[in-house]
Amino acid sequence: MTKNNNSRRQFIQNALMATGGILLAPNFISCSDDDVTDSSVNTEGYTSTNFQQGVGSFDPTSSQVIIWTRYNAANKEILWEVATDIDFTDILRNGSVVTETSRDNTIAIELTDLSEGLKLYYRFVNKEDKQTSAIGETITLPENASSLKLAVCSCSNFQAGLFNVYNAMANSEADIIVHLGDYFYEYQAGGYGSSDENAFLNRFHQPEHEIVSLEDYRTRYKQYKQDADLQLAHQKKPFICVWDDHEVANDTYKDGAENHSASEGSFETRKNNALQAYSEFLPFSRLDADNQSLIYRTFNLGNLVDLIMLDTRVIGRDKQLDLADYYTATGLDGAAFQYALFDTNRTLLGTTQRDWLLGQLNTSTSKWQVLGQQVLMGKMYIPGDLLAAFGTANFNTILAELVQIKMRYQAGDPTLTTEEITRILTVIPYNLDAWDGYPVERELIYNALGDKKVIAFAGDTHNGWSSKLTKQDQTEVGIEIATAGISSPGFEQYLGNPSAETLTAFEGALTTLIDDLNYFDASRRGFVMTTFTNTEVTSEWIFVDTILSQSYATIVGHTVTFS
């Protein structure tokens, strides 16, 4: 049995992240030569009152996985058990740890040296209080998999509606849930996500104010993790997670955020608070080859998929450009904007992470190379006329005009005027928070692929997208699969909640006007189920029909196959 403060394998050192000096909560380590007690704990008559945040498992491979819980009291000895059967008659590994206020009484056990292809059951027990957690289920992957299912999700806003999407993923055939960030939102009660339509759900944020301190962030995690549907997803499926901006503050970059002001104190302190709490409630494996505590990491999933998880948000990102800064009294200063946009020193990843990524892509030997990251990678270049009209009374008229011109252009209409052609070919990246705001670094990555093609997962936008990934010379280097949000509002919010017909027309208009965009859903909540085999990849955009009632249905809204 692994005893607290007693085993060389008990914890990884309180390592500092190599870029930023952020203190992360350590994982407790259990190896194959740990002693195992003879029998399981008899939990008859126990309750789960003090395990209010449920259980979870994280970062599965063919030989290791993390199991997690939180106990609602400090200085308590918590026994943990891992078995190959749900009755815990065949105990594979067990041990104990003592809860500590320094990590808000969370427990993360990193199980190593496991056999491949296991179905595992785990639980946590406190004998003194007669408390037992729910029984969690997790896996180790086979060393050579013939197929793999990943449920890809992002953007869960407690205030915006019920977590039916988590429930759907929990009851799906997914092997692993890949969460691309915005696990929660930092806004105050009644802030972003809340509306007259969903107020009756009474899902207002705790604490009521915008979160800034370490205790604020911890409280918000505890609120989200008491949601029954989120608990079920964690109980039934292992997660692989990465943070996006709202785990800190909206539109975070390495030195600040759009939603941080001087009145809220030091951004560096706030960021450190946020990421410490993240590591306490959403642990990730620290057992990489270099023994560094980094959120970016690679998973070899059954020698079928190399899933390369990236931090496109916090570690290395330079501040986003703002198109409004380049408008003058006579219009957009295109030359100044282009000069800033194509500055070779601007980076989204930071040089250390970028060099690491290029090395991972170069050495990857799996059938599929997949980038698990936050923001859209595909080019979303839209006509400047349309961008200038957004939010004005002329928007729909200009949109219709541009679509008509583009369709005539695609058909080779010889009557098009130079002015008309200029209107549809003068395009601007509309989302400078995404890879479109860092095109030089994106092209560098594309050029490093050689003959390989990548699949890029993305979240962040709350909408479903699929784009081809192309270099500047239009060479296709892969495909982007971008998931809708779990509950956060999509484009429909910005379009004034239009009719279904208007939404369909808008979706069609964007796929016409944006050259690399093949699919767009502007209004539904859901996830993407991506199935990998040795011959092809199939992605299904699965949507729930409501987040305002616990009674819901799912539909497959779109399917893409890549080979």
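We did not get these values from a lab; they are worked out from the coordinates using the rules stated. Values in this document were obtained by computation on a predicted structure and should not be read as measured data. Neighbour counts run over all protein chains shown; Cβ positions are idealised from the backbone, glycine included.
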Least to most buried among S39, S57, S96, S63, by other C-beta atoms within 10 Å and fewest first, runs S39, S63, S96, S57
Rounded to the nearest 500, the 222 nm mean residue ellipticity computed for the chain from DSSP H runs (n ≥ 4, each -39500 (n - 2.57)) alone is -6500 deg cm²/dmol
Fewest to most Cβ atoms within 10 Å: E173, E480, E536 sort as E173, E536, E480
Stokes-Einstein D for the chain (37 °C, 0.692 mPa s, Kirkwood Rh from Cα pairs), in µm²/s, comes to 133
Note to self: C-alpha centroids of region 160-190 and region 107-121 sit apart, in Å, by 24
With Rh as the Kirkwood radius over Cα pairs, region 291-394 has Rg/Rh of 1.10
Helix 395-410 sits off the longest principal axis of the Cα atoms of the chain, rounded to the nearest 10 on a 0 to 90 degree scale, by 80
Any residue on another chain or 5+ positions along whose placed amide H is under 5 Å from the amide H of R93 is listed here as V82
The ³J(HN,Hα) series, computed from each phi in region 174-185 with the Karplus coefficients 6.51, -1.76 and 1.60 at θ = phi - 60°, rounded to the nearest Hz and given as x for glycine or proline, is 4, 7, 9, 9, 9, 9, 8, x, 6, 4, 9, 10
Counting only residues 5 or more apart in sequence or on a different chain, those whose built amide H sits under 5 Å from that of G56 are W68
To the nearest 10 degrees, the tilt of helix 267-281 (Cα long axis) against the first principal axis of the alpha carbons of the chain is 50
Final fewest-first order of F284, F527 on the 10 Å Cβ neighbour count is F284, F527
Contact order relative to length for region 374-438, counting C-alpha pairs under 8 Å separated by 6 or more residues, stands in percent at 55
Here the equivalent ellipsoid of region 292-352, derived from its Cα gyration tensor, has semi-axes (largest first, whole Å) of 36, 12, 9
Whole-Å distance linking the alpha carbon centroid of region 83-99 with that of region 224-296 is 28
Output ordering of 227-233, 190-196, 270-276 (per-residue mean of other Cβ within 10 Å, highest first) is 270-276, 227-233, 190-196
Checked region 59-167 against the a/c 1.5 cut and the a/b vs b/c comparison, axes a ≥ b ≥ c from its Cα gyration tensor; verdict oblate
Rounded to whole angstrom, the alpha-carbon centroid of region 340-367 lies from that of region 463-485 at a distance of 17
Phi angles of region 322-338, converted by Karplus (6.51 cos²θ - 1.76 cosθ + 1.60, θ = phi - 60°) into ³J(HN,Hα) in whole Hz with x for Gly and Pro, give 10, 4, 4, 5, 10, 8, 10, 4, 9, x, 6, 7, x, 5, 5, 5, 4
Given 25 °C, 0.890 mPa s and a Kirkwood radius over Cα pairs, the Stokes-Einstein diffusion coefficient of region 141-242 in µm²/s is 167
Measuring from the longest principal axis of the C-alpha atoms of the chain, the long axis of helix 500-513 (C-alpha) lies at a number of degrees, nearest 10, equal to 70
In terms of the alpha carbon gyration tensor, root eigenvalues a ≥ b ≥ c, rounded if a/c is under 1.5 and otherwise prolate when a/b exceeds b/c or oblate, region 388-452 is oblate
Beyond 28 Å (Cα-Cα) in this structure, taken from K367/K406; K237/K319; K379/K406; K254/K452; K271/K471; K225/K379, we find K367/K406; K237/K319; K254/K452; K271/K471; K225/K379
quick note, the chain, DSSP beta bridge pairs, % antiparallel (nearest 5) is 70
Semi-axes a, b, c in Å (a largest) for region 184-260, each sqrt of 5 times a Cα gyration tensor eigenvalue, come to 21, 19, 12
